[in-house]
Amino acid sequence: MKNFLLLNKLLHLYRTPEDQTYRMLFVDESTVKKILTWENTFKAVEAAMQRVSDGRIVQKPRIMTFIPNTSNVMGTMPGYLQDKQFGALGCKIVTSFPNNAKLENPLPSVNANIMILDETTGIMKAVIAGTEITTQRTAAASAVATKYLYVNQSKPCIVLAVLGTGVQGKIHAEMFRHFFHFQEVRLWNRTKETARSLAEELNKKYNTDSFKYYEDNESCVRGADVIVTTTNSPVAIVRLSWLKPGAHLNAVGANRHHFNELDKEVYRNGDLFVDSVETSQAEIAGLDSVADNLKGEVGAVINGTLKNSPNDRITIFNGIGKFLRYRIGVVPQKELQILRL
Ligand SMILES: NC(=O)C1=CN([C@@H]2O[C@H](COP(=O)(O)OP(=O)(O)OC[C@H]3O[C@@H](n4cnc5c(N)ncnc54)[C@H](OP(=O)(O)O)[C@@H]3O)[C@@H](O)[C@H]2O)C=CC1
Ligand SMILES: O=C(O)C1=NCCCC1
């Protein structure tokens, strides 16, 4: 992290000496794209998960505003972290409008902005475009969970199956291959052509033939070591009988239909880990029915206060998405000149 300093330090520079108020800093999407790296996003998410489990946060379940008669939703995620280096008071607003992807000129279906407020005055200091941060952060959360629940157990990273090849499917496929060196990355999508063309695009980009297109979800999942689901599917797209003992799953799809991409039997026969027990209990419909399978937080595994599952157990990570995950480590000071208003 040599070139990276933290946003809160940067923001001190915006205090004007005359009136001691802050100028508002706006960091747009293209600036974020220039300065974010997968490595730093991974480290930020890893640190944030640890802090959630250390109890060094104030973070209530987010407020989801469902827009009637549509599948559109706005999530509001306030949070506070007391920490000299990483401290933050802020709020992310994220929308999920699934039909954006089908527009004549497609837009991302998930869009976000992050507001940062001064911890002593409560004055807003910055608005940071949060769509790329959300994209990378979500895949990094799955990657951190996979590292601590699966890879660190010396389990094989040969075959990755990615179900759903929208924005999240694509970044999961690329990031997981980058971090864990999967030999084969299988891609399945409801609209088959999208998976086929993504496999082609990624094989070309990385000069490889490891990205494989699959016609049906069952054959995509059978034999996979790690499975990622990134769809809006309201019904299960992964069944227990397709899974290898000891496989790891990251269930990312989280719109109106939290918790539905994996068949209930998968949860009943697996160990479930989350990023925050408190917010997951509030948000994940049906969690009560598999309460015995909820083992705890990934951060607790990282901190060493929660034991990993036995090697032949199926493990599942359900990430909900948190303001604090976005806040830390996001803006490198090296870009100070670019960001100075
Ligand atoms: N947990 C978290 O923190 C986050 C969760 N998400 C969630 O991840 C999911 C994917 O997001 P993103 O990639 O940005 O969205 P995209 O719109 O880019 O992709 C949506 C994907 O879902 C598939 N899909 C939609 N409806 C169905 C269905 N009924 N059955 C099967 N597949 C379906 C689409 O397939 P097709 O091409 O056929 O339409 C496409 O592959 C969403 O549920 C989103 O809310 C996203 C970001 C953060
Ligand atoms: O946490 C997030 O960010 C999201 N959660 C569910 C909907 C899309 C974005």
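Provide a single number: the residues in segment 43-87 that are aromatic (Phe, Trp, Tyr) and closer than 18 Å to Ile320 by Cβ.
As a first pass, look at segment 43-87 and keep what is aromatic (Phe, Trp, Tyr): 66, 80, 86.
From the residues that got through so far, the ones that are closer than 18 Å to Ile320 by Cβ too are 66, 80.
Residues in segment 43-87 being aromatic (Phe, Trp, Tyr) and closer than 18 Å to Ile320 by Cβ: 2 in total.
What residue, among those in segment 227-246 that are away from ligand 1 (no atom under 14 Å from the Cβ) and not in a loop (DSSP other than H, G, I, E, B), is surrounded by the most Cβ atoms within 10 Å (Cβ to Cβ)?
Top of the filtered list is Ile227.
So, in segment 268-315, exactly how many residues are over 20 Å from the mean Cα position of the chain (by Cα) and either surrounded by 14 or more Cβ atoms within 10 Å (Cβ to Cβ) or not small (Gly, Ala, Ser) (or both)? Even if it seems obvious, please write down each step before you answer.
We begin by selecting, within segment 268-315, every residue over 20 Å from the mean Cα position of the chain (by Cα); these are 268-270, 286, 288-293, 304-314.
Keeping just the survivors that are either surrounded by 14 or more Cβ atoms within 10 Å (Cβ to Cβ) or not small (Gly, Ala, Ser) (or both) gives 268-270, 288, 290, 292-293, 305-314.
Number of matching residues: 17.
Could you list, ordered by first residue, the pairs with Cβ atoms under 8 Å in which the first is in segment 222-234 and at positive phi and the second is open to solvent by 10 Å² or more (accessible area, probe 1.4 Å) and more than 14 Å from ligand 2 (Cβ to nearest atom), at least 6 apart or interchain?
Short answer, once both residue conditions are applied: Gly223/Val159; Gly223/Lys244.
What's the total number of residues in segment 28-77 that are without any contact (Cβ under 8 Å) to a residue 12 or more places away in the chain, of a type outside the set (S, T, N, Q) and part of a helix (DSSP H, G or I)?
Here the count works out to 1.
If we keep just the residues of segment 244-266 that are touching a residue at least 24 places away in the same chain (Cβ under 8 Å) and over 21 Å from Leu287 (Cα atoms), which is farthest from the chain's Cα centre (by Cα)?
Here the residue is Pro245.
Looking at segment 148-163, is at least one residue β-branched (Val, Ile, Thr), under 17 Å from Gly319 (Cβ atoms) and away from ligand 1 (no atom under 16 Å from the Cβ)?
yes
Take the residues in segment 301-319 that are modelled with pLDDT of 95 or more and in a strand (DSSP E or B), then tell me which one is nearest to Pro61 (Cα to Cα).
The residue in question is Phe317.
Looking at (1) outside any strand (DSSP E or B); (2) within 19 Å of Ser142 (Cβ to Cβ); (3) more than 16 Å from ligand 1 (Cβ to nearest atom), find the lone condition where Asp271 falls short.
Failing condition for Asp271: (1).
What single numbered condition from (1) under 22 Å from Gly286 (Cα atoms); (2) modelled with pLDDT of 95 or more; (3) open to solvent by less than 50 Å² (accessible area, probe 1.4 Å) fails to hold for Ala224?
(1)
Residues Val58, Val94, Val110: which one is open to solvent by 40 Å² or more (accessible area, probe 1.4 Å) and either within 11 Å of ligand 2 (Cβ to nearest atom) or touching a helix residue (DSSP H, G or I) at 6+ places or on another chain (Cβ under 9 Å) (or both)?
Result of the check over Val58, Val94, Val110: Val110.
The values are calculated or read from the model by the stated rules, or taken from the named source; none is laboratory data. This is a predicted model, so every value here is computed, not measured. For neighbour counting, all protein chains shown are included, and Cβ atoms are generated from backbone atoms with ideal geometry for every residue, glycine included. All accessible areas refer to the heavy atoms of the entire protein, side chains included, with ligands and DNA or RNA removed. Shrake-Rupley method; radii C 1.70, N 1.55, O 1.52, S 1.80 Å.
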